[in-house]
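Written below as structure tokens is the structure these notes are about.
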Amino acid sequence: MSRKPETEPLPELPPAHVKIVAEWVQLADSVGLPRSYAQIYGFLFISRRPITAQDCVEQLRISRSSAGQGLKALRELGAIKPHFELGSRAEAFTIEPDLGILIKSVLDGKVLPAFQTFFERMDELSKTLNDKTDQFEVKRIRKLGRWHSKLLSARHWLFP
């Protein structure tokens, strides 16, 4: 796979590509992920070739630090993978085509641990309540146990 020399600037992103990247940013906003990660992921999503940190800086107009941190985080999430190219000094990346890997990683790394902590704290709180005087609250908190089970079942059903 041949690549343009690293010193030659890339052409501006077409308007359709900017819209696609913006949709990834909107999705990230709705699930609480950093916008810069979404910009980088969206850029990789629409790219027909491997992307470097410098490409991200030039095309997305983000800092080199944001590009490097974002690429590192996306790689750790399993959303992108390194692409080796003979003769290239710059580390390049391509998207992981299985979106399920990204979703599973976000669930396992961010969502489920947050819920697990929440459920544990609510369980501890329920032990401090009086079954007679705080009956409504105790019932509500105990219902969380069923929700916790459903959340774990859904995770295992989606990602066996």
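Every number here is computed from the coordinates shown, using simple stated rules; none is lab data. Every value quoted in this text rests on a predicted model; they were computed, and no experiment measured them. Neighbour counts are summed over all protein chains in view; Cβ atoms, including those assigned to glycine, are modelled from backbone coordinates with ideal geometry.
Would you work out the charge dipole size for the chain about its Cα centre, treating the Cβ of every Lys and Arg as +1 and the Cβ of every Asp and Glu as -1, and quote it to the nearest 20 debye?
Working: 24 positive and 19 negative charges, 94 e Å.
Here the chain has a charge dipole of around 460 debye.
Which pairs, out of K110/K132; K110/K150; K19/K104; K104/K143, put more than 27 Å between their alpha-carbon atoms?
Numbers: K110/K132 36 Å; K110/K150 17 Å; K19/K104 25 Å; K104/K143 25 Å.
Check vs 27 Å cut-off fails for K110/K132.
Run the simple label-point estimate for K72 and R48 please: 7 Å along Cα→C-beta, distance reported in nm.
Each label point is offset 7 Å from its Cα along the Cβ direction, giving 3.3 nm.
Which residue, S36, P50, L158, has the largest displacement toward the positive end of the dipole of the chain when charges sit on each Cβ (Lys, Arg +1; Asp, Glu -1)?
Checking the options against the dipole of the chain, the answer is L158.
Taking θ as phi - 60°, what are the ³J(HN,Hα) couplings along region 129-146 by the Karplus curve (6.51, -1.76, 1.60), each to the nearest whole Hz, with x for Gly and Pro?
8, 8, 4, 8, 7, 10, 4, 4, 5, 4, 4, 4, 5, 5, 4, 4, x, 5
Tell me, what is the FRET efficiency for Q26 and D123 to the nearest 0.05, using R0 = 35 angstrom and their Cβ-Cβ distance as r?
After rounding, the FRET efficiency stands at 0.50.
Please turn the phi angles of region 67-83 into ³J(HN,Hα) values with the Karplus equation 6.51 cos²θ - 1.76 cosθ + 1.60 (θ = phi - 60°), one per residue in order, whole Hz, x for glycine and proline.
3J(HN,Hα) across region 67-83, in whole Hz: 4, x, 5, x, 4, 5, 5, 5, 5, 5, 6, x, 7, 10, 9, x, 10.
Size of the dipole of region 100-158 about the Cα centre, Lys and Arg at +1 and Asp and Glu at -1 on the beta carbon, nothing else charged, in debye to 20?
Values: 12 positive and 7 negative charges, 48 e Å.
About 240 debye.
If you line up the long axis of helix 112-128 against the longest principal axis of the chain, both from Cα atoms, how many degrees apart are they, to the nearest 10?
Rounded to the nearest ten degrees, it is 20.
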